[in-house]
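Student: Right, I'll just put the structure down here and ask away after.
Rule-based calculations on the coordinates, nothing more; no lab input. Being a predicted model, the structure only gives us computed values, none of them experimental. Every residue, glycine among them, receives a Cβ derived from its backbone with ideal geometry; neighbour counts consider all protein chains shown.
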């Protein structure tokens, strides 16, 4: 019998706690497949955030740190400076990275820390119950913007990838989505490129992955995928925002 | 090695390097800036890493990452910056990681002043951030003592897998004194850290974490921490100065204790049987030694650069058997030995004290 599909070694056998229809599971798998394919599972140290992915340390089958809200890039900096030969990644949501952790991500990027950040953007605070995030779309309803985000009161969504792409210390910045198989394949390619850039010591790398939150958006999983395509992608266009050319390191 | 004249902050930095510290993450704040400035130059010379973070919060989280990865690591700051670090400190305590945190205290509250203070005593010895945890707190009074305690600070951190705080003040950081360092050649043997995240090669993976969603497990973790803090009781350090026959015992730590010591000598010159008890570890607090030093005392007087913090622990540890008085200056003002002498005379003249 030929095995055509199996669990990546870089994932534990723990059952995840994610809601039905949430795309965290796909993103976890992509990261784990990339670590397996690059053969770096035993050389990798991950940092999990506060938010829905707080228990990522139970799911990634590598050495892990659990960080305070928003501080994962600082924790990863400490790890990478001690172990410059190891692969260090953070896995963070948009509440964690774009709100309370805005300073840490910007300065990790500015220092050109040779780490990889997987930035899962679902335009909402998931774990705490659907509150507005810096990435919440104008007009999008959340529990703390019950009439929808009003730009006159709550301002505008932050485009993290575009912002970080302007920073010299960054080597590879891309925004991907996982709403269909084609995009999942592209997402994996971007994640792999980011880790390859890190292994080559080229600078800070980040892949922003647009993700669904059926529970807090109030849609079915299928409707959520459509909502992401119709509403999020126009505000958060997909694509590589920055890639350091060969020889420009 | 011969004595050298050195500023407190710089001597502390050199002592940390000689104690095997190879990683420092910090952020500028007065009056401790000479620590990061010294280490920015010194650590690369020994293959170490100095990194100026974007904030105190980032710096302490870098310490969390580095400590969890097995490094001998330190950060330093002063009062308002230490407040910012409290989030990271409680995570470090919860995850049981070793590191050294220096607080060269200044006047508070708020932005306060940049002059010396001791108003972070409570913050240092009672935990400081959220949750039930303790730091080991060392309070040197001279630059020599600061240097002598650095190796111990890192060793205690490793032994107990716990953050250790050096609680200094702006005077200690800024003044210069003659100081002798341990020989640089002395090799520092670091404890094996099998729990550190170094890449899970040929072993089970390690997780550095302070989250316990199961309340039964978190309570067990807290009980484990408390037993550890109780075990620390044997680490107490203190100095007695002329307390053998003292009818009036002064209690102070750090720079205040030096003022108090001078006042003791002035009082003795006037025939007053005064003495000084100086705790060197503030947590664990040297309770039995304090009681012994005060057993024949009619009065106890704490001397502080605060509005009265150490005094609470002195009363508590003397079990309210002796009247304990307080004299302090705050806001960056420093008690003078004359003013302390006046307090000594006042209480000495009042006769045998009533229990409060």
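Student: Which of these, A:32, A:56, A:110, has the largest mean-square fluctuation under a Gaussian network model of chain A (Cα springs below 10 Å)?
Tutor: Fluctuation is largest for A:110.
Student: Post the alpha-carbon centroid distance, region B:138-184 to region A:1-54, in whole angstrom.
Tutor: Value for the Cα centre distance between the two parts: 44 Å.
Student: Now for a different question. With a Förster radius of 56 Å, plug the Cβ-Cβ distance of residue B:352 and residue A:220 into 1/(1 + (r/R0)^6) and report the FRET value to the nearest 0.05.
Tutor: 0.10
Student: As an exercise, use a Förster radius of 56 Å and the Cβ-Cβ distance of residue B:319 and residue A:1 to find the FRET efficiency, rounded to the nearest 0.05. Display every interim value, and only then the final one.
Tutor: Details: r = 76 Å, r/R0 = 1.35.
Result of the calculation: an efficiency of 0.15.
Student: Please compute, for peptide A:39-52, the average count of beta-carbon atoms on other protein chains lying within 10 Å of each residue's beta-carbon.
Tutor: 3
Student: Which values of log₁₀ I(q)/I(0), to two decimal places, follow from the Debye formula for region B:239-349 at q = 0.20 Å⁻¹ with a uniform point scatterer at every Cα?
Tutor: Taken in order of the listed q values, log10 I(q)/I(0) reads -0.96.
Student: Order these by the 10 Å Cβ neighbour count, fewest first: B:7, A:188, B:228, B:85.
Tutor: Numbers: B:7 18, A:188 21, B:228 15, B:85 27.
Listed from fewest to most nearby Cβ atoms, that is B:228, B:7, A:188, B:85.
Student: Across peptide A:101-113, how many C-beta atoms of other chains are within 10 Å of each residue C-beta, on average?
Tutor: Mean inter-chain Cβ contacts per residue within 10 Å come to 2.
Student: Note down, for region B:138-195, the three equivalent ellipsoid semi-axes (square root of 5 times each alpha carbon gyration tensor eigenvalue), biggest first, whole angstrom. Don't skip to the answer; put the middle values down first.
Tutor: Values: eigenvalues 120, 50, 8 Å².
Those come to 24, 16, 6 Å.
Student: Moving on to the next point. Label-point separation (nm) for residue B:262 and residue B:191, each offset 7 Å from Cα along Cα-to-Cβ?
Tutor: Inter-label distance under the simple model: 3.9 nm.
Student: Continuing with the same structure: Would you kindly calculate the translational diffusion coefficient of chain A, applying Stokes-Einstein with the Kirkwood radius from alpha carbon pairs, for 25 °C and a viscosity of 0.890 mPa s, and quote it in µm² s⁻¹ without decimals?
Tutor: For the chosen part, D equals 137 µm²/s.
Student: Could you list B:322, B:4 so that the one with the fewest beta carbons within 10 Å of its beta carbon is first and the one with the most is last?
Tutor: Numbers: B:322 20, B:4 13.
The fewest-first ordering by Cβ neighbours comes to B:4, B:322.
Student: Let me ask another. If I model a spin label as a point 7 Å beyond the Cα along the Cα-Cβ vector, how far apart are those points for residue B:342 and residue A:166 in nm?
Tutor: The modelled label-to-label distance comes out at 6.0 nm.
Student: Identify which of A:72, A:185, A:200 has the largest mean-square fluctuation in a Gaussian network model of chain A, with springs joining Cα atoms closer than 10 Å.
Tutor: A:200
Student: Can you give the calculated 222 nm mean residue ellipticity of chain A, where each DSSP H run of n ≥ 4 adds -39,500 (n - 2.57) and the sum is split over every residue, rounded to the nearest 500 deg cm²/dmol?
Tutor: -9000 deg cm²/dmol
Student: Continuing with this model, one more query. Between residue A:248 and residue B:234, what's the calculated FRET efficiency when r is the beta-carbon distance and R0 is 45 Å? Round to 0.05. Could you put the intermediate results ahead of the total?
Tutor: Values: r = 58 Å, r/R0 = 1.29.
Computed FRET efficiency for residue A:248 and residue B:234 comes out at 0.20.
Student: Starting from the Cα of residue B:270, step 7 Å along the direction of its Cβ; do the same at residue B:40; then give the gap between the two resulting points in nm.
Tutor: The two pseudo-label positions are separated by 4.8 nm.
Student: Would you tell me the mean number of C-beta atoms belonging to other protein chains that fall within 10 Å of each C-beta in B:47-55, as a whole number?
Tutor: Taking all residues of B:47-55 together, the mean is 4.
Student: How high is the relative contact order of region A:1-122, in percent, counting Cα pairs under 8 Å that sit 6 or more residues apart? Spell out each step's value before the answer.
Tutor: Numbers: 201 pairs, mean separation 28.7, N = 122.
Once divided by the residue count of region A:1-122, the mean separation gives 24 percent.
Student: Give the percent of DSSP beta bridges with both residues in the protein assembly as shown that are antiparallel, rounded to the nearest 5.
Tutor: Bridges in the protein assembly as shown that DSSP calls antiparallel: roughly 20 percent.
Student: Using only the alpha-carbon atoms, how far is helix B:34-45 inclined from the longest principal axis of chain B? Give it as 0 to 90 degrees, nearest 10.
Tutor: That works out to roughly 40 degrees.
Student: Let me ask something else about it. From the C-alpha coordinates alone, can you work out the Kirkwood hydrodynamic radius of region B:195-247, in Å? Don't skip to the end; give the middle numbers.
Tutor: Details: mean 1/r = 0.0644 Å⁻¹.
Its Kirkwood hydrodynamic radius stands at 15.5 Å.
Student: Roughly how tilted is helix B:254-269, in degrees to the nearest 10 and between 0 and 90, from the longest Cα axis of chain B?
Tutor: The angle comes out at about 20 degrees.
Student: Pairing the Cα long axis of helix B:215-231 with the longest principal axis of chain B, what angle in degrees results, from 0 to 90 and rounded to the nearest 10?
Tutor: Computed tilt is about 50 degrees.
Student: Can you tell me which of B:18, B:231, B:203 moves the most in a GNM of chain B? Springs connect C-alpha atoms under 10 Å apart.
Tutor: Of B:18, B:231, B:203, the most mobile in the Gaussian network model is B:203.
Student: So for B:285, B:122, B:320, fewest C-beta neighbours within 10 Å to most, what's the order?
Tutor: B:320, B:122, B:285
Student: Let me ask you something else. So what is the relative contact order for region A:24-243, in percent, with contacts set as C-alpha pairs under 8 Å and at least six apart?
Tutor: 19 percent
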